[in-house]
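**Student:** Quick one: the structure is below, and I'll ask about it shortly.
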Amino acid sequence: MRFLPALCPWVAPAVMSAVLALAGCAGAPVPQPEPAQVGQQPAAPLGEVTGSRSFGEVLEEARRALGRKDYREAARVAREAGRLAPDPGAARLLEAEARQAMGDGAGALPLWQAAVEAGPDRPRVWAAYAELAVHRGTGDEALDLFDQRFAALPGGEGPDPTLSGIAGWTALAVGRGERATAYLATTVGTPAEGAFALALGRAQLLVGALAEAAEAARRAVAGSAAGEAMAQGWLLLGDVHREQGMAAGARDAYQKVLEVDPANYAARVNLAVLTLQQGDAEAAIELLQAATEGRPGAPEAWHDLGLARRSLAQWDAAREAYETALKIDPEYTPALKNLGILIEKYLGRPAAALPYYDQYLQLLPDDAEVQRWRKNAERLAAQESG
């Protein structure tokens, strides 16, 4: 049974909100996506000349469209402004905001990237690019670009702490613990420290600096009013205690998370894992069912629900839970392995277990234990057929 990873992708918005507040931005880098409103004002088709209007006039028209949430129109007019552009960067940024706001992440990402490449280096732009890049699976490329921007700084000039923190958050999001720790450590003692304290704690946990991670979590809890930041602090502390082998401390911390944020998915799942390990399968099932209801499209809780049901000899229900996890993520290796185990060892059908072992070993070919199980299942299946 596995706990959820220390870094949870759904932590990202809280971190970036803090970054943007630190940068003096009143809100998210772009409005939240919602249906584009069309037909509010007549507009020329994309590519049509804009007559005698100046770049500033066209850009202002795009800003007005963005302000009234007519995102398609804002993107169209911003692109038109870029063709007039004495300042292409301003038009590019406005188009990026509009495209992201209307849910066109694929169109927004290269625009944010170009804005980072061209400079000037602004936290708001870096944060928007980092968050979207991580979300779309190109966080490594974003991290490399941030490295390049820092390398281009004049000799002796250190990076802005907020920019360094954004690079560190990006490194953490893609699992680069050492690079994350190095970047995030530069925020300590600066005005950016508070925005990145939890990310630094997560990075320290990732590289095994457990005492430092625990201290970061305690500072976050002590310095936060009740809310998401406090919940994330308790969650970090629970994960640290878990790594330290302190089950009671981890359990208390996860319960604290749920007092602040009753629907917190990671706390529910990790508390359920501890609860099952301590022999209370019924209580674990209650937590896991609540987690699946809150995040039905995530595989972890469904998989752990299968383990809990298996411990109560609820074979069919366990199989259903594993299969649900695999419908969500066909390459979720814990569910592949445990479904194979269930079918072979509990249902007594070794031949039917082989496809799940095979799929698992395609993804993790070096797992010697599952290799042995697969060979044994193949031998048993041959005996049955013979």
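The values are calculated or read from the model by the stated rules, or taken from the named source; none is laboratory data. For clarity, every value in this text was computed on a predicted model and none was experimentally measured. All Cβ positions, even for glycine, are placed from backbone atoms using ideal geometry, and neighbour counts span all protein chains on display. Side chains included, ligands, DNA and RNA excluded: accessible areas come from the protein's heavy atoms. Shrake-Rupley method; radii C 1.70, N 1.55, O 1.52, S 1.80 Å.
**Student:** For the stretch 275-289, check the following and say yes or no: at least one residue is under 18 Å from Ile328 (Cβ atoms), at pLDDT 95 or above and part of a helix (DSSP H, G or I). It would help to see each step written out before you state the result.
**Tutor:** Within the stretch 275-289, the first condition is being under 18 Å from Ile328 (Cβ atoms), and the residues that meet it are 288-289.
When the remaining residues are screened for being at pLDDT 95 or above, the result is 288-289.
Okay, now just the ones that are also part of a helix (DSSP H, G or I), so 288-289.
Within the stretch 275-289 (the criterion being under 18 Å from Ile328 (Cβ atoms), at pLDDT 95 or above and part of a helix (DSSP H, G or I)), the answer is yes, since at least one residue qualifies.
**Student:** Right, next: State which residue is most open to solvent (accessible area, probe 1.4 Å) when the search covers only the stretch 350-367 and only residues that are hydrophobic (A, V, I, L, M, F, W, C) and farther than 14 Å from Pro330 by Cβ.
**Tutor:** Going through the stretch 350-367, the residues hydrophobic (A, V, I, L, M, F, W, C) turn out to be 351-354, 361, 363-364.
Of the ones still in play, those that are also farther than 14 Å from Pro330 by Cβ are 351-354, 361, 364.
Working: Ala351: 56, Ala352: 32, Ala353: 0, Leu354: 27, Leu361: 29, Leu364: 71 Å².
Across the stretch 350-367, the extreme among qualifying residues is Leu364.
**Student:** Could you tell me whether the stretch 368-381 includes any residue that is open to solvent by 50 Å² or more (accessible area, probe 1.4 Å) and among the acidic types (Asp, Glu)?
**Tutor:** yes
**Student:** Also, I was wondering about something else. Quick check on this structure: which one of Ala151, Ala81, Ala130 is at pLDDT 85 or above and open to solvent by less than 20 Å² (accessible area, probe 1.4 Å)? Spell out the reasoning first.
**Tutor:** Numbers: Ala151 fails: open to solvent by less than 20 Å² (accessible area, probe 1.4 Å); Ala81 fails: at pLDDT 85 or above.
Within the list Ala151, Ala81, Ala130, the selection yields Ala130.
**Student:** Residue by residue through the stretch 282-305, note down the ones that are under 19 Å from Arg251 (Cα atoms) and surrounded by fewer than 19 Cβ atoms within 10 Å (Cβ to Cβ). Let's see the steps before the verdict.
**Tutor:** Taking the stretch 282-305 as the starting set, the residues that turn out to be under 19 Å from Arg251 (Cα atoms) are 282-291, 300-301, 304-305.
Answer for the stretch 282-305, where residues must be under 19 Å from Arg251 (Cα atoms) and surrounded by fewer than 19 Cβ atoms within 10 Å (Cβ to Cβ): Glu282, Ala283, Glu286, Gln289, Ala290.
**Student:** Applying the selection to the stretch 102-159, what residues are touching a residue at least 12 places away in the same chain (Cβ under 8 Å), assigned to a loop (DSSP other than H, G, I, E, B) and not polar (S, T, N, Q)?
**Tutor:** Selection gives Met102, Gly103, Asp104, Gly119, Asp121, Arg122, Arg136, Gly158, Pro159.
**Student:** It is to be established whether one or more residues within the stretch 206-221 are under 19 Å from the mean Cα position of the chain (by Cα), of a type outside the set (Ser, Thr, Tyr) and surrounded by fewer than 24 Cβ atoms within 10 Å (Cβ to Cβ).
**Tutor:** Within the stretch 206-221, one or more residues are under 19 Å from the mean Cα position of the chain (by Cα), of a type outside the set (Ser, Thr, Tyr) and surrounded by fewer than 24 Cβ atoms within 10 Å (Cβ to Cβ).
**Student:** Give me a count of the residues in the stretch 237-264 that are open to solvent by less than 10 Å² (accessible area, probe 1.4 Å) and in contact (Cβ under 8 Å) with a residue 40 or more places away in the chain.
**Tutor:** 1
**Student:** On to the next question. Would you be able to tell me the number of residues in the stretch 243-257 that are on the phi < 0 side of the Ramachandran plot and either among the basic types (Lys, Arg) or not in a helix (DSSP H, G or I) (or both)? Step through it out loud before you land on a result.
**Tutor:** The initial filter retains those residues of the stretch 243-257 that are on the phi < 0 side of the Ramachandran plot, namely 243-244, 246-257.
With the extra rule that they be either among the basic types (Lys, Arg) or not in a helix (DSSP H, G or I) (or both), the set shrinks to 244, 246, 251, 256.
Adding up the residues that qualify gives 4.
**Student:** From the list Ala313, Ala308, which residue is open to solvent by less than 60 Å² (accessible area, probe 1.4 Å) and not in a helix (DSSP H, G or I)?
**Tutor:** On the way: Ala308 fails: not in a helix (DSSP H, G or I).
Answer to the selection: Ala313.
**Student:** Of all residues in the stretch 108-118, which are small (Gly, Ala, Ser) and either at pLDDT 90 or above or open to solvent by less than 20 Å² (accessible area, probe 1.4 Å) (or both)? Full working, then the answer.
**Tutor:** At the first step, the residues of the stretch 108-118 found to be small (Gly, Ala, Ser) are 108, 114-115, 118.
Within the stretch 108-118, Ala108, Ala114, Ala115 qualify.
**Student:** Residues in the stretch 40-60: is at least one among the basic types (Lys, Arg) and at pLDDT 85 or above? Spell out the reasoning first.
**Tutor:** Kept after step one, since they are among the basic types (Lys, Arg), are these residues of the stretch 40-60: 53.
Right, trim to at pLDDT 85 or above and you get none.
For the stretch 40-60, residues among the basic types (Lys, Arg) and at pLDDT 85 or above: absent.
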